[in-house]
Amino acid sequence: MKHFLYVPFSGLGKFDKQRTEEYWNYRVEIFRKFTLQSLLNQSCKNFTLWISFRPQDKEATWVAELDKTLKESGLDYIFTFDGPIMWDDRGLENNDSLLERTSKTLEILNKRITNEDYIYITGLGSDDMLSEEAVAEIQQETPQTKKALYYTKGFIYDARTEQIADWNRDTPCSKYTIIYPVEVFKDAKKYWDYEFECLKSHEYITTCYQAQKLKDDRYCCVVHGANISTDWFHVFRGKEYFNQEDKLSILKKFGICLNEK
């Protein structure tokens, strides 16, 4: 099997055209401090980090900085520049070219596939974190056609205040995994039919696939003041952890160390 961790860095929603260089530099820094640290902390590093960007980002300074950071990290990674390969429910007009974008992107990704029978794609926001055992647990799941894996309950962490709390979803979150037979993954139309004709939002995972719920507390959403949707005051926020030892213990599993006070 081949496992891609997929981060759609730019191109989702209606507001990317209004983003400044300062905004993108800030998002790269959030990725570096949190998402990347959680990936470096994985007990299993047998994965390829796949990050997609808009075509106009290819020569951007902030993309070059991200590229440099990832080269230094030692992780296996790949950049694509044909936009996000996922249904955009916040910018519906972006979906008109989805099949074309998928075809162009798969031409690049397929070069990373050798003799694998199944391809695992795990979605990950550029400000999300996975706990140290998450990748290993995902890969332990037996592959089969139309199988998907999902999380509900996790954590939320406010990078500005160092507050952390439970994140109590009762529906699948966006950090889901879809398992593709390799012959489906390599063909854009089959890929489209396998996913997008049904999966217009991550909440639909359980109706579109033979979906299996994974263990709780394996992901953490980071809020930082420039999120697209996640907010500290959301109804999903549950019990907050005030004890410093508890906070340190939780964040350590995501590769994050706080200064003890």
Considering only the range 79-99, I want to know if a residue exists there that is touching a residue at least 40 places away in the same chain (Cβ under 8 Å), of a type outside the set (Lys, Arg) and farther than 30 Å from Lys146 by Cα. no
Hey, Glu195 hits all of (1) in contact with a helix residue (DSSP H, G or I) (Cβ under 9 Å, 6 or more places away or on another chain); (2) modelled with pLDDT under 95; (3) among the acidic types (Asp, Glu); (4) surrounded by fewer than 16 Cβ atoms within 10 Å (Cβ to Cβ) but one; which does it fall short on? (4)
If Leu149 passes every condition in (1) at pLDDT 95 or above; (2) over 16 Å from the mean Cα position of the chain (by Cα) but one, which one does it miss? (2)
Qualifying positions in the range 110-137 - more than 19 Å from Trp167 (Cα to Cα), buried (at least 22 other Cβ atoms within 10 Å of the Cβ) and hydrophobic (A, V, I, L, M, F, W, C): Ile119, Ile121, Val135
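Every residue, every condition in (1) modelled with pLDDT of 95 or more; (2) in contact with a Cys (Cβ under 6 Å, 6 or more places away or on another chain); (3) exposed (fewer than 14 other Cβ atoms within 10 Å of the Cβ), yes or no:
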{"position": "Thr20", "(1), (2), (3)": "no, no, yes"}
{"position": "Ile30", "(1), (2), (3)": "yes, no, no"}
{"position": "Ser43", "(1), (2), (3)": "yes, no, yes"}
{"position": "Ser52", "(1), (2), (3)": "yes, no, no"}
{"position": "Lys58", "(1), (2), (3)": "yes, no, yes"}
{"position": "Ser73", "(1), (2), (3)": "yes, no, no"}
{"position": "Asp89", "(1), (2), (3)": "no, no, yes"}
{"position": "Leu98", "(1), (2), (3)": "no, no, no"}
{"position": "Lys104", "(1), (2), (3)": "yes, no, no"}
Is it the case, given these coordinates, that Trp192 is of a type outside the set (Gly, Ala, Ser) and out of contact with any Leu (no Cβ under 6 Å at 6 or more places or on another chain)? no
Identify the single condition in (1) open to solvent by less than 20 Å² (accessible area, probe 1.4 Å); (2) among the hydroxyl-bearing types (Ser, Thr, Tyr); (3) more than 18 Å from the chain's Cα centre (by Cα) that Tyr241 does not satisfy, given that it satisfies every other one. (1)
Conditions first: (1) modelled with pLDDT under 90; (2) surrounded by 18 or more Cβ atoms within 10 Å (Cβ to Cβ). Val222 passes all but one, so which condition is the exception? (1)
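The values are calculated or read from the model by the stated rules, or taken from the named source; none is laboratory data. A quick note: this is a predicted structure, and the numbers were derived from the prediction, not measured. With ideal geometry, Cβ positions are generated from the backbone for all residues, glycine too; neighbour counts draw on all protein chains shown. Quick note on the areas: whole protein, heavy atoms, side chains included, nothing else; ligands and nucleic acids left out. Shrake-Rupley method; radii C 1.70, N 1.55, O 1.52, S 1.80 Å.
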